Each structure stands twice: as structure tokens, then as C-alpha cells.
1. Can you tell me which residue is farthest from residue 177 (Cα to Cα) among those in the stretch 118-144 that are modelled with pLDDT under 90 and surrounded by fewer than 16 Cβ atoms within 10 Å (Cβ to Cβ)?
2. Are there any pairs, at least 6 apart or on different chains, whose C-beta atoms fall under 6 Å, with the first in the stretch 306-335 and in contact (Cβ under 8 Å) with a residue 60 or more places away in the chain and the second among the basic types (Lys, Arg), and if so, which?
3. Sort through 90, 22, 2 and tell me the only one that's closer than 29 Å to residue 138 by Cβ, over 18 Å from the mean Cα position of the chain (by Cα) and not in a helix (DSSP H, G or I).
4. Determine if the stretch 126-143 includes at least one residue that is in contact with a Leu (Cβ under 7 Å, 6 or more places away or on another chain), of a type in the set (A, V, I, L, M), more than 30 Å from residue 37 (Cα to Cα) and assigned by TED's automatic domain parsing to the domain that holds residue 30.
5. Return the residue satisfying two criteria in turn: it lies in the stretch 175-225 and is closer than 12 Å to residue 34 by Cα, at pLDDT below 95 and of a type in the set (D, E, K, R), and of such residues it is surrounded by the most Cβ atoms within 10 Å (Cβ to Cβ).
6. Looking at the structure I just gave you, is residue 313 at pLDDT 95 or above, of a type in the set (Asp, Glu) and in contact with an Asp or Glu (Cβ under 8 Å, 6 or more places away or on another chain)?
7. If a residue must be β-branched (Val, Ile, Thr), out of contact with any strand residue (DSSP E or B) (no Cβ under 7 Å at 6 or more places or on another chain) and over 20 Å from residue 230 (Cα atoms), how many such residues does the stretch 13-61 contain?
8. Out of the stretch 31-67, which residues are surrounded by fewer than 21 Cβ atoms within 10 Å (Cβ to Cβ) and in a loop (DSSP other than H, G, I, E, B)?
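The values are calculated or read from the model by the stated rules, or taken from the named source; none is laboratory data. Just so you know, these numbers come straight off a predicted model, no measurement behind them. Cβ placement follows ideal geometry from the backbone for every residue including glycine, while neighbour counts extend to all protein chains displayed.
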Amino acid sequence: MDWLALKDITKTYPGKVTALSDIDLRLRKGEFFTIVGPTNAGKSTLLKTIAGLERQDRGTIALKGRDLGALQPRERKVSLLFQNIALFPDRTGFENVAFPLRVAGMAEAAVKARVDEVANLLKVDHLLSRLPRTFSGGEQQRVAIGRAISHPADLLMLDEPLTNLDARIRIALRLEFKKLHRETGQTILYVTHDQIEALSMSDRIGVLNNGRFEQVGTPDDVYHRPASEFVARFIGSPPMNILPVELKPKNGAPQAVGSGFTTAVASAGPLPAHAAVGIRPEEIQAASRPSPETPFAGEVLWIEHLGSHQILDVKLGDHLIKVRTAADHPVESEGPAWFGFTVKSGRILDRDTKLFITTDRDEADLAKKEEFTCV
């Protein structure tokens, strides 16, 4: 049985603004699932709909086999933590974490035991007797998380909980979330616009755009085998290079011919009339002189030195591309350079549909890895 099952969820606001369109999604018990997407993709609306704070126009939501459609938010056994921290300013850390337990009518001895347990898990024991105004930003967020998880829920939903924190605290709390997930086995639905959070924390990722899932898969699938041009450009920093090409046969196999390059294509089966190829910046080899591995002449326009690596801005034919190299790479200044790459399986884009072409073998491999699908 699916732990959480969404079927045909659609939500439209006055003025015919469609926030969610035919959302299908299934979560396993104990899964850490992240929804990632740009602003106004529908991420927060989806969480609010599951929680019952918004009502869908069409579709069903089931949690542990229970249809949530007729249930009020407090009856749904879900916990939702919003982006903006909302602690009671006149109550101590203990009272903030204990609040949902007391509302549920739990005995005071049980409340104390549960608060102590949660505080120990999140390392906020020293904050229980203090007021929120004395907490740092990271401490406030940990106490807010404690309140969200203190009362047992079948589903924990987190809506961009790290957005307002500085980089050091965000990294520390990512580790806290993974530890929380590992130690409690809690099923977590996490929303973010930060692809690094999504890739580093998740069992699976759903890429949401304009109220629809463009792709659902493991972090590896989403990064290396994007389903659409949107996913390829949204996931990855720098994003995938998308280069228009003509596909021409040579010795019985297709080749991609683009402006400034001709390269082999690892593909079989039907090919689109209007094609492009997708190449990750780290998949491109660079050299200061031509070689069989680097046959394409280009020009380095700019180099971003980023400590552990560098990003080259390159003019290749009519294209501007990004190339990632090591910090001590021989190509270390602007000017002429040589590049090389091949096209991996699943990296041919149909420019008419904006979808990547997959072969029967690609689809069979994905089916083995991915039990659940989305529409």
C-alpha cells in the first residue's frame, strides 16, 4: 500500500490561475521526497492541499489508505512547517514544543517526556527554559522543527524551512534533517527551490513546473537523465548545455553535427527532425592544444575561479557553453582552446516537444529503478 497517494490533483484560483494540474504522486513509507521547482511552480500550494489548508478542485488524496477529502486539517495526521518561523514569542522553548501535545490532550508527564526526547534529538535542550528572542536563527528553526515533529504524524511536510538562514546554518541543518529522517524513519515531504538541498538530501525528487511534474526520479536520474529541457536547465550548477544539431548517419550510426563540432551519438531508435543535444559542463574535456579527445576549436571568454574548480565560459562555433575543469587545469587564461565531448544515451532533445528521447533500453532500465511514476 502507498503511504501517500495523490491522484489527478487540480487546483485553480479565481481568474483561472491554475496552481496545480493533474498531479499524480505516490510516496513510500519512510521516504524522504523533495519537491523542487522555481517560484510559483505550485510547491507550497501542493503541501497546503495535502494538509487541508487548501481544497483541490478535482482529485483524491489518501494517506495510509485513508481518503483525506472529508477530513479537517487537524484530523489528517500531518504536520506542516512553513518557511517563516512562527514561534510564540512569550513562551519558552519548552512551551513552544509542548504546545501541539497539550492541544491534543496529552498528560503532562507524557508531554515532558516527549519534549525532552525531541529536544535531545535536535540538540536544543539548553533552549527549553529560554524565550525565542534569545535564540539564534538556527536555534529558532530547530525549535520550530521540534514543535512540528513533537506530536506523532503520519507525514511531516517542510515548506522551504532553510530559505531564511545563512549558508553555514543551512548546511548544518541539512545534516540535522537527514539525521532526523534516519533516526525516526519519518516520511518526509520537503519543498525547496534549492537544487543542492534536493540533490543532497532526497531519496527521490519531483521537479515541479507550472503546476505539473516534469520528472520524478532519484537524484541520479534527475541529474544525469533529465526528462525535459526544463529539468536539464533547472537542475545543475551550471546547468546543462543544450546545443542545436543536425543528426546525420555515418557508417550506420548517427552523428550530431552542430556549429563548431561533429560528435558521436550514443543512441538508437527513432530520432527527431529538430534536435538538440544535452552536455553537462563537467562532461566536456578541455585542452590547450588539439588532440583526438579535444578536436573542437573554441575560445575561452571568461574563467570563474571557484577554489576547488573553475568554470570556463566558452564560445564554440555559434554557441556559448559552460565547461567545468579542475582548479589546476592547464587551460588557465582567456583565449583559444580545444574541447571534446560525445553525446550520452538519453541526451537527444526533441526541440519541438522539449522532451529528451529515450530508447526502449533506457526506459527498461528506468522502470527497474523507479517503481512509481507521475503524470
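1. Among those that are modelled with pLDDT under 90 and surrounded by fewer than 16 Cβ atoms within 10 Å (Cβ to Cβ), it is 136.
2. Pairs that qualify, where the first residue is in contact (Cβ under 8 Å) with a residue 60 or more places away in the chain and the partner is among the basic types (Lys, Arg), are 311/322; 311/324.
3. Of 90, 22, 2, the one residue that is closer than 29 Å to residue 138 by Cβ, over 18 Å from the mean Cα position of the chain (by Cα) and not in a helix (DSSP H, G or I) is 90.
4. no
5. Checked the stretch 175-225; the qualifying residue surrounded by the most Cβ atoms within 10 Å (Cβ to Cβ) is 197.
6. Working: at pLDDT 95 or above: yes; of a type in the set (Asp, Glu): yes; in contact with an Asp or Glu (Cβ under 8 Å, 6 or more places away or on another chain): yes.
Answer is yes for this residue.
7. Restricting attention to the stretch 13-61, the residues satisfying the condition of being β-branched (Val, Ile, Thr) are 17-18, 23, 34-36, 39, 45, 49-50, 60-61.
From the residues that got through so far, the ones that are out of contact with any strand residue (DSSP E or B) (no Cβ under 7 Å at 6 or more places or on another chain) too are 17, 39.
The next check asks that each one be over 20 Å from residue 230 (Cα atoms); those that pass are 17.
So the answer is 1.
8. Across the stretch 31-67, the qualifying residues are 31, 38, 39, 40, 52, 53, 54, 55, 57, 64, 65.
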